[in-house]
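All of the numbers you see were taken from the coordinates with simple rules; none came from a lab. Worth saying up front: this structure is predicted, and the values here are computed from it rather than measured. Glycine also receives a Cβ, built like all others from the backbone with ideal geometry; neighbour counts cover every protein chain displayed.
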Amino acid sequence: MRGKRAVYTTGILRRSPKTKFALVDCVNLGAIPRKITVQVIDWSNGNPVPLKVIPCNLTKCTVTVGANKSKFLYADVSKVVFKYEVRITQADVANFVTNVYGVTNSPFKPQTGEAVLQRDLVKLTKI
């Protein structure tokens, strides 16, 4: 059974000066491949401005994570003035885990206050 998909949000995150990327780490601990869709939104001017997500180079990036595999997706948030949000659509199952980090340039050091673990993501009911 593939299970239904759910949409999660980090809520609004304040970008620290050293943060260059919003990085989404996901792991599929299940036996079948699962899809994940990531969107990163700049809310600095009060209106949603979608940012391109790598590896798709699109504002809405969907990739497949193989069974017992992990992947990461990211967006350049270096030009975000104040605040951003990450939205994730993924299988609503316990064995697909996603964490979000605001990170520096290489070596991608997580910044204090910009880590949102799976348990802290807010499940949206309607968009």
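Within the stretch 1-39, which residues have the backbone N less than 16 Å from the label spot 7 Å out from Thr112 along Cα→beta-carbon, could you tell me? The answer is 14-19, whose backbone nitrogens lie closer than 16 Å to the label point. Here is the short version for the chain: Cys26 have no other Cys C-beta closer than 4.7 Å.
Run a plain Debye calculation on the chain (Cα atoms as equal point scatterers, no solvent) and give log10 I(q)/I(0) at q = 0.09, 0.17, 0.21, 0.22 Å⁻¹, rounded to two decimals, same order as the q list. Calculated log10 I(q)/I(0) at the listed q: -0.23, -0.82, -1.23, -1.33. Cross-link partners for Lys109 among the aspartates and glutamates, with Cα-Cα distance under 16 Å and sequence neighbours closer than 8 places in the same chain left out: Asp25, Asp76.
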